[in-house]
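Trainee: Attaching a single structure in structure tokens format; questions to follow.
Every read-out reported here was derived from the displayed coordinates using simple, explicitly stated rules and does not represent laboratory data. Please read all numbers here as calculations on a predicted model, not as lab measurements. Reconstructed Cβ throughout: ideal geometry from the backbone, glycine too, with neighbour counts over all protein chains shown.
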Amino acid sequence: MQLLSGKMGSCNDGRIYHRFDTETEEATYMGCRGLQEDGSTRDWSTYEINFDNFWQALRSMFIIATQDNWPGHMFAGIDAKSSLLGPWEGNNKAMFLFYLAAVLVSAFVVVNMFIGVFVVV
């Protein structure tokens, strides 16, 4: 949970990268608020698979264990940057190891349950 808690969010306006207005010495970055060019409001939302709390993390691990689009979820985890910034492509490539380990361990557990229930009996 601590690896990705709060980090899997983005603005529905693809041009906005920051969650809140941010000022640095070099520039001022507009946050995810106000209206888009088409008049709809900007909204900061989290990815469908996230680790923001225990139940969401448990649900996320179950979805990864069932291998339902796990590469897409893995790439969303790799792109996660921080709770205040949107996704950045290839930000944390080492996160691949977490998803790979989760898939391998869950596949091992499922195979052992299958063997234990159906083959041994």
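Trainee: Got a sec? Charge dipole of the chain, +1 on Cβ for Lys and Arg, -1 for Asp and Glu; which of Val109, Ser40, Met30 is way out at the positive end?
Mentor: My answer, from the dipole projection, is Val109.
Trainee: Pick from Ser40, Ser106, Ser60: which is most flexible by mean-square fluctuation in a GNM of the chain where alpha carbon atoms under 10 Å apart are linked?
Mentor: Taking springs between Cα atoms under 10 Å, the residue moving most is Ser40.
Trainee: Also, I was wondering about something else. Which FRET efficiency value, to the nearest 0.05, is calculated for Phe108 and Arg42 with the Förster distance at 41 angstrom and r the Cβ-Cβ distance?
Mentor: 0.45
Trainee: May I pose another question? Provide the gained length on full extension for the span Thr66 to Phe96, in nm with one decimal, where the gain is 0.36 nm per separating residue minus the Cα-Cα distance.
Mentor: 9.1 nm
Trainee: Restrict the search to the range 1-89; then list the trypsin sites (Lys or Arg not before Pro) that DSSP places in a loop and that have at most 11 other Cβ atoms within 10 Å of their Cβ.
Mentor: Arg15
Trainee: When the Karplus curve 6.51 cos²θ - 1.76 cosθ + 1.60 is applied with θ = phi - 60°, which whole-Hz ³J(HN,Hα) does each residue of the range 46-53 get, with x for Gly and Pro?
Mentor: Those phi angles translate into 9, 5, 4, 9, 9, 10, 6, 9 Hz.
Trainee: Could you give the longest part of the chain that holds none of the chymotrypsin sites (Phe, Trp or Tyr not before Pro) found in DSSP loops with at most 14 neighbouring Cβ atoms within 10 Å?
Mentor: Here the longest segment lacking exposed loop sites spans 21-87.
Trainee: Could you size up the charge dipole of the range 1-53 around its Cα centre, putting +1 on the beta carbon of Lys and Arg and -1 on that of Asp and Glu, and report it in debye to the nearest 20?
Mentor: 180 debye
Trainee: Return the equivalent ellipsoid semi-axes of the range 44-91 as a descending list in whole Å, where each equals the square root of 5 times an eigenvalue of the C-alpha gyration tensor.
Mentor: Equivalent ellipsoid semi-axes, largest first: 19, 14, 7 Å.
Trainee: Once phi is turned into θ = phi - 60°, what whole-Hz ³J(HN,Hα) does the Karplus curve with 6.51, -1.76 and 1.60 give for every residue of the range 95-106, x standing for Gly and Pro?
Mentor: Going residue by residue, I get 5, 3, 5, 4, 5, 5, 5, 5, 5, 5, 5, 5 Hz, with x marking Gly and Pro.
Trainee: Return the percentage of antiparallel bridges among DSSP beta bridges fully within the chain, rounded to the nearest 5 %.
Mentor: If I count the DSSP bridges inside the chain, around 90 percent turn out antiparallel.
Trainee: Here is a further query. After finding the eigenvalues of the alpha carbon gyration tensor for the chain, what semi-axes result from the square roots of 5 times each, listed largest first in whole Å?
Mentor: Semi-axis lengths for the chain are 37, 14, 11 Å.
Trainee: Right, next: With +1 on each Lys and Arg Cβ and -1 on each Asp and Glu Cβ, and nothing else charged, work out how big the dipole of the chain is about its Cα centre, in Debye to the nearest 20.
Mentor: Charge dipole of the chain: 500 debye, to the nearest 20.
Trainee: Determine the calculated [θ] at 222 nm for the chain from helices alone, applying -39500 (n - 2.57) to every DSSP H run no shorter than 4 residues and normalising by the residue count; nearest 500 deg cm²/dmol.
Mentor: The helix-only estimate for the chain comes to -11000 deg cm²/dmol at 222 nm.
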